[in-house]
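FYI, it's all coordinate maths here, none of it is from the lab. A quick note: this is a predicted structure, and the numbers were derived from the prediction, not measured. Here Cβ is always computed from backbone atoms with ideal geometry, including for glycine, and neighbour counts include all displayed protein chains.
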Amino acid sequence: MIEREQVLHVARLSRLKLDEDEASRLETELSSILDHVDRLAEIDIEGIEPTSHVVPLENVLRDDVTRPSLDREVALDQAPDPVDGAFRVPSPQAEG
Amino acid sequence: MAETELLAATAAETAALIEGGQVSREECLSAWLERTAADDLNGYLWRADAESAVGTVDQDAGGPIAGVPLAIKDIFCTAGVPTTAASKILEGYRPPYDATAVARLASAGVPMLGKTNMDEFAMGSSNENSAYGPALNPWDRSRVPGGSSGGSAAVVAAGLAPWALGTDTGGSVRQPAAFCGVVGLKPTYGSISRYGMIAFASSLDQCGPITQDVTDAAMLLARLEGRDEMDSTSTGIEGGVVLPLAEDLKGLKFGIPADLVDEGVDPGVKAVFDRTVERIETLGGKVEMIELPHAKHGISAYYVLAPAEASTNLSRYDGVRYGQRASDKDLGSMYEDTRGDYFGPEVKRRIMLGTYALSSGYYDAYYGRAQRVRTKIVHDFDAAFSKVDFVITPTSSSVAFGLGEKTSDPLTMYMADLFTVPMSLAGIPAISIPAGMAAPEGGGEGAGGDMPVGFQIAAPAFGEQKLLEASFALEKAIDFDGGGGRI
């Protein structure tokens, strides 16, 4: 089970605006999905290592040499509000 | 040569026609570009014209697949060409570079026919989560093509592309291939570079071919696989891949995971599966029951791990560097409005689920536990492959379901991946080949008759060549007729 308060908390962590309908739907849906997922608790995982990745690779490195990357203009080309060679964003302070 | 012959050819046959001089690369491309205009399945989100089809393509390239055009799932970045991952948040986005998979094909002289429809950010099993409307199943337009690579499977089945690229995270190449009666191969994790493939769940995402037959899948994989320094998890396939030639299955052992397959398969699908098992035996293969005791928990583990990774990967859509921006109030509201307005319901659901599973107090109970169950599933496959060469299952427990049939309950939709998710969690290669036809359960008014059934074969990591050989021999014996999917 997941409560409305948790839904809103997770939405804040996720930086997602949810309207009333969405929040109430997610409350039901997430609860039902988590009920199913909770069956994992039946499995004995004592002493089992976690798998985050199936390929046995570590620290793939290349030589530390500079090489061309995207031009600044190209990198900015798709931005919603590029200005003076930078990405412009609204003020972090709420107005008023 | 007759255009109908060209448009009915497999990719390998097309390559032979070009090589033999019966058709030029230009004639081939222009016939196919004209053909894609017949797409009334919403299979393509963007169709190329003569110029954009060859944008970054090396038109002088030699080699076995030069000139055979390809449809590309809209999750691959294509330089200067719209790439949306079927999301509103990327509407209008034109990437500054090609994904490595795309670049490898461009340098092999392969033109692009267009970008295919999919579930938004590859999250879905029916293509109904596309922000641009679902692609339709060409065998019966009241049914889904599967997902997430539904557009790619639909256009190949419909004869709107000789072959296509898809991606598979939990079944997104194999399940739509099964629903549309074509071949879908998910290679071993790491075989093909993920660079420029818009990330969903990075420890699971893998590019895979969707093709008319096994030979074409081998031909495409041979070009795609390889180490790429832009993706440090890519390894390629040692020894490469060659075209399969096997005629029988003598000396090979196939294992049926009884505990998984018992989870409720529709009778029509089960009948096709059983018939295919008999064919394996006729070809000299041995079939036995095996155990994958934790595979049935794959869905639960997957729907913790994949959303957890997705919630992290999708944090990049913040309205700052590319894509849409919703409002210009303060920064925090801009983030929340942008993501709230432009992500679809399934994407929000998974971001929420993943963020919850990773949040303080729940991390160990969900994410940590799911990672350990994943280890158990890996061990299950290790044990199975010490006894048999391949694991076989139906690709999906049902044939293609109706549009809207599963949209009201996310969990029902998630269960559509029951047979494909375990292989993804283990990172091993698996293929779906069309094995026959079955009537949909429930039928329903206006149902268009029998639908294709897929047969899944999985092999140990980097066992692609053996997998392709076995699939090739079995495909010949099945002799599936894909004609019913052509439009």
query: Right, B:Lys387: over 26 Å from B:Gln175 (Cβ atoms) and more than 9 Å from chain A (Cβ to nearest Cβ) or not?
result: yes
- request: Would you be able to say whether some residue in the stretch B:153-162 is surrounded by fewer than 24 Cβ atoms within 10 Å (Cβ to Cβ) and not in a helix (DSSP H, G or I)?
  value: yes
Residue, surrounded by the fewest Cβ atoms within 10 Å (Cβ to Cβ), within the stretch A:21-53, restricted to residues that are over 17 Å from B:Tyr366 (Cβ atoms) and under 22 Å from the mean Cα position of the chain (by Cα): A:Thr28
message: Of everything in the stretch B:229-243, what is charged (D, E, K, R) and away from chain A (no Cβ under 11 Å)? Give them in sequence order.
response: B:Glu238
- prompt: Do you know which residues across the stretch B:200-251 are more than 30 Å from B:Arg350 (Cβ to Cβ), in contact with a strand residue (DSSP E or B) (Cβ under 6 Å, 6 or more places away or on another chain) and hydroxyl-bearing (Ser, Thr, Tyr)?
  reply: none
query: Counting just the residues of the stretch B:309-345 that are more than 7 Å from chain A (Cβ to nearest Cβ) and β-branched (Val, Ile, Thr), which one comes out surrounded by the most Cβ atoms within 10 Å (Cβ to Cβ)?
result: B:Thr338
task: Have a look at A:Pro56, A:Pro80, A:Pro92, A:Pro68 and point out the one that is outside any helix (DSSP H, G or I), surrounded by 14 or more Cβ atoms within 10 Å (Cβ to Cβ) and either at negative phi or in contact (Cβ under 8 Å) with a residue 24 or more places away in the chain (or both).
output: A:Pro80
Condition met for B:Lys376 (within 14 Å of chain A (Cβ to nearest Cβ), surrounded by fewer than 23 Cβ atoms within 10 Å (Cβ to Cβ) and either more than 27 Å from B:Pro267 (Cα to Cα) or in contact with a strand residue (DSSP E or B) (Cβ under 9 Å, 6 or more places away or on another chain) (or both)): yes
- prompt: Taking the stretch A:1-26 only, how many residues are assigned to a helix (DSSP H, G or I) and either of a type outside the set (Asp, Glu) or at the interface with chain B (Cβ under 10 Å from one of its Cβ atoms) (or both)?
  reply: 14
task: Starting from residues that are within 14 Å of chain A (Cβ to nearest Cβ) and over 17 Å from B:Ala153 (Cβ atoms), keep the ones in the stretch B:200-224 and report whichever is nearest to the chain's Cα centre (by Cα).
output: B:Asp205
Top-ranked residue of the stretch B:54-90 - restricted to ones that are surrounded by fewer than 22 Cβ atoms within 10 Å (Cβ to Cβ) and out of contact with any Gly (no Cβ under 8 Å at 6 or more places or on another chain), ranked as nearest to A:Ala75 (Cα to Cα): B:Thr56
- prompt: Mind checking whether some residue in the stretch B:288-308 is within 30 Å of B:Thr375 (Cα to Cα), of a type in the set (S, T, N, Q), at the interface with another protein chain (Cβ under 8 Å from one of its Cβ atoms) and in contact (Cβ under 8 Å) with a residue 40 or more places away in the chain?
  reply: yes
message: If a residue must be in a helix (DSSP H, G or I), touching a helix residue (DSSP H, G or I) at 6+ places or on another chain (Cβ under 9 Å) and closer than 29 Å to B:Asn137 by Cα, how many such residues does the stretch B:101-121 contain?
response: 5
